[in-house]
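Please read the structure below before turning to the comments.
The values are calculated or read from the model by the stated rules, or taken from the named source; none is laboratory data. In this text, all values refer to a predicted model and were calculated from it rather than measured experimentally. All Cβ positions, glycine included, derive from the backbone under ideal geometry; neighbour counts span all protein chains shown. Only protein heavy atoms, including side chains, enter the accessible area calculation; ligands, DNA and RNA are left aside. Shrake-Rupley method; radii C 1.70, N 1.55, O 1.52, S 1.80 Å.
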Amino acid sequence: MSDTDEEETEAEGDAEPAVELGDGPDVAGEPVARVASRLTWPATRSDVRAQEGDATVRTPDGPATLDEILAESDVPLFESRGEFHEAVEDVIGSGPVATE
C-alpha cells in the first residue's frame, strides 16, 4: 500500500455520511422490502408465514406482524418479490409510516 492509498483511506473514514440521519423518533418495525429480501421466490403464503411471520413490519397505521398481514391476504402463492410486496400493500395500504 502506498502513502497515497493510506491518505485516501483516512480521508474516506473522516468523511461525513452522504445522508444525514434525523434526530426524530424511531420508527417501529422494518420495511417490507427488507423482509422480502430474506425470502426466495416463488413462495407460498404458508411458507412465508412460517419463515417470517413473526417479523414486525412498518405500516401507515403502526407496526404489525407479517403473520397478521398475511392472514388478511387471499394470495396463496407469491410468484415474485414484487407480487409479495403488492399483496402486502393491498392489506396495509401505502403512505407515510407512523412514528413513535
- Members of segment 63-89 found to be in contact with a Gly (Cβ under 9 Å, 6 or more places away or on another chain), open to solvent by 10 Å² or more (accessible area, probe 1.4 Å) and in contact (Cβ under 8 Å) with a residue 24 or more places away in the chain, listed by number: Pro63, Ala64
- Going through segment 46-70 in order, the residues found to be under 12 Å from the mean Cα position of the chain (by Cα) and of a type in the set (Ser, Thr, Tyr) are Thr56, Thr59
- Mind checking which residues of segment 24-53 are of a type outside the set (Ser, Thr, Tyr), exposed (fewer than 14 other Cβ atoms within 10 Å of the Cβ), under 25 Å from Pro96 (Cβ atoms) and touching a residue at least 12 places away in the same chain (Cβ under 8 Å)? Gly24, Pro25, Asp26, Pro31, Ala33, Arg38
- Every residue from segment 61-76 that is among the β-branched types (Val, Ile, Thr) and not in a helix (DSSP H, G or I): Thr65, Val75
- Item | Tally, over segment 22-47, of residues that are over 21 Å from Gly62 (Cβ atoms) and assigned to a helix (DSSP H, G or I) | 4
